[in-house]
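A short reminder: the numbers here are calculations on the coordinates, not readings from a lab. From a predicted model like this one, the values you see are computed outputs, not experimental measurements. Neighbour counts run over all protein chains shown; Cβ positions are idealised from the backbone, glycine included.
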Amino acid sequence: MTSPTFRAPRSALRALALGGFLSASAMASVALAAPAAPAFDVARISNDIKTLSSDAFEGRGPATPAEKKTIDYIAAQMKAAGLQPAGQKGTWFQDVPLRKSEIVGAPSLAMTIGGAATPLSQGQQIAVRAAETGQSSVAIKDLPLVFVGYGVKAPERGWDDFKGVDLKGKIMVVLVNDPDFEGGGAADGGADFGGKLMTYYGRWTYKYEEAARQGAAGVLVIHESEPASYGWATVKNSNTNTMFDIVRADPKAAHTQMEGWIQKDLAVQLFKASGLDFEAAKAAARKTDFKAMPLKATMSADYAVKSEIITSHNVAGLVRGSKYPDETVIYSAHWDHLGVGLPDAKGDRIYNGARDNASGTAALLELARTFAKSKPERSVLFLAVTAEEKGLLGSEYYADNPLRPLATTAGVINMDGPLSIEKTTNFSISGAAKLDLLTMLTEEGQKLGRHYTPDARPEAGSFYRSDHFPMAKRGVPAISFSPGRELVNGGDARGKELSDIYTRDKYHQPADEYDPNWNTSGWNSDMTLLYSVGNRLANGRDWPNWSQDSEFRAARDATSASRK
């Protein structure tokens, strides 16, 4: 049932004060009271998580036997809920062609540091990815290493780490995050990249892309836990297994032949042997006059790569709109995780991915069951995407090849770990963005006695790490929901403690497993909030937009004519 609406400028001002953004269209239709949300079956959600994250699903790796088991399970649940198949040719699935690359055997890796031969062990001092260029092997010998600061070229900010350096035939060594993450900025001879708020320039994906544009033979990112926002275990586990990429006409335009990370201790050793102090070099890299520093070290690598084009799958189910069936609201979550990889200290090799992201998939299925029982005016698409862990590839493919037109997609609500660790008084979204959809979420949260707070870890660059991002950069209003961490019992301090423990001990590790003793007291509130904002969008006439100063506004505005 659609809630009654009225014009309410006071409500709009309240939303702005809470960090939201309200356009004229949204201001014209603000809900007076929360719709009566249905009761959600927490036991059923738990069972879906338990099933999808069990050892039988082998970590839900794309293009493994576990993929078929996973997508068939999701499709079966959607069918049982009463959804219509919304994939290709009347199926539940959208084919997603990907390049799959994996290192065959143990790679031979070594550096010569200050004249001394130094063998390196994969996963220990270094984590090298399988080449995503389509080549069958990597064989480099004694290539020079060059420190290029943060590896950023941002002319609009007056920044260029590559001035005067030729990287052809060389390995580029870079710091993670932005040049002002640890201080500096315009007031100290640097530039403004947002401080702790990571820009896309801070993401390792950008640094790999820029290395290819610079013609480098390879790139090594120096790992430090705080600017990376995760520990070495995450780096090792994410980079030493099978890699996937979209199918590119020219893979070498986006990738160098060798990409990887090195431990900070190894970096310190490299700098010391070159007569440099690591911390002093970092400080120099924060200033606009920084110039690349050749290191007295070379890199050699020799390993075979198996590369092939495979087909993975997104899963799509639809509740068809009763009044505006050609308009769409999307709920999304990624079904994949890391599959089977290197063993942990206990010998466990299955990366179960219970919270990341069996929980989001389970929430998606429960919302699908709920909407299937109603008659929303707009169509609601439930989209379980593949290969998020490999670079948002399933959502990127969907955004390029949408099953429902992007111009008439009212908004996207993405769920990646959307269920609270304990009951919270707040909620958030990944990254910082201003858009009408956040205002709606804020207002619906208020009705549940919860308040919006900005992303607690802006340095993590979460906006660029969730499946809403490919849709956002094409102009579609999109958010990735976070249940917040201000706990009813213990507040933000205890919430941060539990979040940090998960990141350190479980994130992208075999220990991310289903626990029957989880505290589920906040799950019904999380589900209600997720439902309420989608229900409001599905039963209203609002076309949310981005704020006037958003980089995504122009793309959205360009589609407005098609909705008239």
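Nearest 500 deg cm²/dmol is fine: what mean residue ellipticity at 222 nm does the chain get from its DSSP H runs of n ≥ 4 alone, each adding -39,500 (n - 2.57), divided by its residue count?
Numbers: 16 runs with 154 residues, N = 564.
-8000 deg cm²/dmol, from helical runs alone.
Which one, SER359, ALA285, GLN77, is farthest towards the positive end of the dipole of the chain when Lys and Arg carry +1 and Asp and Glu -1 on their Cβ?
GLN77
What's the extension gain from GLU551 to ASP326 if we count 0.36 nm per residue and subtract their Cα-Cα distance?
Additional length available on full extension: 78.3 nm.
What does DSSP give for segment 409-564 in terms of the percent of beta bridges that are antiparallel, rounded to the nearest 5?
Antiparallel bridges: around 45 percent, rounded to the nearest 5.
Could you state the number of Å between the C-alpha centres of segment 493-564 and segment 259-291?
Value for the Cα centre distance between the two parts: 37 Å.
For segment 326-432, how big is the tail of P(r) above 23 Å, as a whole percent of Cα pairs?
Result: 38 percent of Cα pairs exceed 23 Å.
To the nearest 10 degrees, how steeply does helix 264-273 sit against the main Cα axis of the chain, on a 0 to 90 scale?
30
Determine the percent antiparallel among the DSSP beta bridges restricted to segment 100-307, to the nearest 5.
Expressed as a percentage, antiparallel bridges in segment 100-307 total about 70.
Over the chain, what number does the Rg to Rh ratio reach, with both radii from the alpha-carbon atoms and Rh per Kirkwood? All intermediate terms of the calculation are to be shown ahead of the outcome.
Working: Rg = 23.7 Å, Rh = 24.4 Å.
Taking Rh as the inverse mean 1/r over Cα pairs, Rg/Rh reads 0.97.
According to the Cα gyration tensor, what semi-axes, each the square root of 5 times an eigenvalue, does the equivalent ellipsoid of segment 171-279 have, listed from largest to smallest in whole Å?
24, 18, 15
Using the alpha carbon gyration tensor of segment 392-479, what are the three equivalent-ellipsoid semi-axes (square root of 5 times each eigenvalue), largest first, in whole Å?
24, 15, 11
Counting only Cα, what are the radius of gyration and maximum Cα-Cα distance Dmax of segment 100-307, in Å?
Final numbers for Rg and Dmax: 16.1, 50 Å.
Mind checking the angle between helix 436-447 and the chain's longest principal axis? C-alpha axes, 0 to 90 degrees, to the nearest 10.
It is inclined by approximately 60 degrees.
Would you pull out the residues with amide H under 5 Å of VAL96's amide H, same chain only if 5 or more places away, H placed 1.01 Å from N?
SER312, HIS313, ASN314
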